[in-house]
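Comments concern the structure below.
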Amino acid sequence: MKKTFVVLAFCLLLITNLIAQNFTATERSLIMSGDTAKMMRVLTYNLPPDLEILNTISLDIDPADPDLPLLARRMYLSMRDTANPGVGIAAPQVGINRNVIWVQRFDKSGSPFEFYINPRILKYSILNRKGGEGCLSVPEERGLLLRSYAILLEYQTFDGVKHTEMIEDFTSVIFQHETDHLNGMLFPDRMREQQNALALPLPQGMELFIKPVAR
């Protein structure tokens, strides 16, 4: 009897976790709001209700959720708005605190845009690069940030399969920027965090080379 109870409790917990990964009724309502063939509004940091969402840590989503493809399409349209196009976007930027992002893959032929579900950065290189960044949610502001040159990324696709990939250079910067959004951090927050951080330059005269890899 006790064993049966434990098994039932485990099954109930498993079912609860699966349900928790689906969109809530409020999230579904937002995804379906307005003309679903058009973009969703991009939240901005200067509006207090928007900032509260942007500063909230996001949750994983079930890749099989039936409304996820629609969210992905509308997020893409928001990111590629001709008035203010970007190279990446995270779901919190359209009001949905779920772990999904779009990233333009400058490291691939044709620089395609790709959608990533439940991305996590598993490792960061100690080698950093400094570069300028902007954000659709922080319009008209740019800044210089240090980001890891390479990252090891884990993510899921719509079929639920997990993948790991090593990503380098500017594309890795986009992934770091977008996963910051999933953790409730905007790039000005990251800039302030780095103000007093220790970063050592490479020894003078050191030469670095990248050996092309056949694809």
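Things worth noting here:
- Residues of the stretch 1-52 classified as modelled with pLDDT of 95 or more and not in a helix (DSSP H, G or I), total: 19
- Failed item, numbered, when Val161 is tested on (1) within 30 Å of Gln21 (Cβ to Cβ); (2) surrounded by 13 or more Cβ atoms within 10 Å (Cβ to Cβ): (2)
- Matching residues, the stretch 175-194, being hydrophobic (A, V, I, L, M, F, W, C) and under 15 Å from Ala91 (Cβ atoms): Phe175, Leu182, Met185, Leu186
- Cβ-Cβ under 9 Å pairs, at least 6 apart or on other chains, the stretch 27-55 side under 13 Å from Leu77 (Cα atoms) and among the basic types (Lys, Arg), far side modelled with pLDDT of 95 or more and surrounded by fewer than 13 Cβ atoms within 10 Å (Cβ to Cβ): Arg41/Gly34
- Only a single item in (1) exposed (fewer than 13 other Cβ atoms within 10 Å of the Cβ); (2) β-branched (Val, Ile, Thr); (3) within 25 Å of Arg41 (Cβ to Cβ) is not met by Val100, and it is number (1).
- Lone qualifier among Glu178, Glu141 - being more than 24 Å from Gln21 (Cβ to Cβ), charged (D, E, K, R) and touching a Phe, Trp or Tyr at 6+ places or on another chain (Cβ under 9 Å): Glu141
- Selection within the stretch 81-93: residues that are assigned to a loop (DSSP other than H, G, I, E, B) and touching a residue at least 12 places away in the same chain (Cβ under 8 Å). The member of this set that is farthest from Ser33 (Cα to Cα) is Val87.
- Looking only at the stretch 152-163, and only at residues there that are touching a residue at least 12 places away in the same chain (Cβ under 8 Å) and outside any strand (DSSP E or B), the one that is farthest from Asp180 (Cα to Cα): Asp159
- Qualifying residue in the stretch 133-144 (condition: assigned to a strand (DSSP E or B), touching a Ser or Thr at 6+ places or on another chain (Cβ under 6 Å), at pLDDT 95 or above and among the hydrophobic types (A, V, I, L, M, F, W, C)): no
- Candidates Ile61, Ile101, Ile96, filtered to the one that is outside any strand (DSSP E or B), closer than 26 Å to Arg142 by Cβ and touching a residue at least 12 places away in the same chain (Cβ under 8 Å): Ile96
- Of the residues contained in the stretch 133-151, one or more are found to be among the hydrophobic types (A, V, I, L, M, F, W, C) and free of Cβ contacts under 8 Å to residues at least 40 places away in the same chain.
- The C-beta contact set for the stretch 174-196 (first residue touching a residue at least 40 places away in the same chain (Cβ under 8 Å), second residue among the basic types (Lys, Arg), distance under 6 angstrom, 6+ apart or interchain) comprises Gln176/Arg147.
- Search result, residues across the stretch 160-176 that are among the β-branched types (Val, Ile, Thr) and in contact with a strand residue (DSSP E or B) (Cβ under 6 Å, 6 or more places away or on another chain): Thr164, Ile167, Val173, Ile174
- Check on Lys123, of a type outside the set (S, T, N, Q) and free of Cβ contacts under 8 Å to residues at least 24 places away in the same chain: no
The values are calculated or read from the model by the stated rules, or taken from the named source; none is laboratory data. This one's a predicted model, so the numbers in the text were calculated from it and none came from an experiment. Note that we place each Cβ from the backbone using ideal geometry, even for glycine, and neighbour counts take in every protein chain shown.
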